[in-house]
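A quick write-up on the structure given underneath.
Any read-out appearing in this document is the output of simple, stated calculations on the displayed coordinates, not a laboratory observation. Since the model is a prediction, treat every value here as computed from it, not as a measurement. All Cβ positions, glycine included, derive from the backbone under ideal geometry; neighbour counts span all protein chains shown.
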């Protein structure tokens, strides 16, 4: 088991300096520990709760601030695809793991080395690292679970690597990958508090009976939508097949001119164009449609139509590899190859990442002026 694993960018960048070892920040004796901007409450803060079970739940709820923090939960996904960033978007590049280390040719250690590596990048200031970097086992998936479900999972030796409560306490205190959450490298927020504060909370939770929140408790309220709960209750294969069928249908409608994959975007969806094109950046749904899609369509005489090479689904993630052809307003053909990575919830796309040939795109964008809007 890898408790409190941290996910971050897998993209390999040139190091600006030699890899620097991280410290167990917040552990006694660490002179380099930064000031704690978001401290955890101490067990003594809960001494006024006289019922041991209630106090135990309160202690665990405070510890959840670490357990459910992106530095920890990003590598405890509901599928075998990690998330990254504070917004927990799908890992870029797309990554899958049959076990905890990835697939041949693209394992965690392809990019994640033994230590954090500072980069020359502004958007990605460091690539995180640890000798034990890995995805949490499938039995330790936390994303989408309620606090009570996470608690019961942590205590279950059949799902936690055979650990009893004493071993769990030792793990959170001594495991270097747990400690990484408080020393995640430049450009990344650490987990709340310090490792020492977190260990004290876990120890106090165990000493008071290791009680778990009920599903009706405030700690569990509102964390899982009804639609998401129904998805969780369905088999992973059913979710995967449904997502694949939804995207396939929208691409078929796009090819026929009767619909568009953009119809799947939720109102608060984000779309990120990766690379060095003239439009490469992260967009909200409305900004993406107004700044990219409508101006692109206004440059075309014959609309862009896709030919799908392959479409893969894995739980909430769908990957589409396709060619697209059209004719620009100046009569020249536009041909490009795309890879889109969707993260889906309740049959809709909540995050998307797009890759394409930026040279071909930039040529069209600069060469062809958009057609005037009707009425201009």
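Fewest Cβ neighbours within 10 Å first, please rank 327, 66, 368 accordingly.
Ranked by crowding around the Cβ, least crowded first: 327, 368, 66.
FRET efficiency for residue 362 and residue 310, Cβ-Cβ distance as r, R0 = 30 Å, nearest 0.05?
After rounding to 0.05, the efficiency reads 0.70.
What is the order of 182, 142, fewest Cβ neighbours within 10 Å to most?
Lowest to highest Cβ neighbour count: 142, 182.
Could you list 309, 88, 351 in order of exposure, starting from the residue whose Cβ has the fewest other Cβ atoms within 10 Å?
The fewest-first ordering by Cβ neighbours comes to 309, 88, 351.
So if I take the centroid of the Cα atoms in the stretch 307-376 and the same for the stretch 242-260, what is the distance between those two points in Å?
About 14 Å separates the Cα centre of the stretch 307-376 from the one of the stretch 242-260.
Please report how far the C-alpha centroid of the stretch 143-189 lies from that of the stretch 40-113, rounded to the nearest whole angstrom.
7 Å
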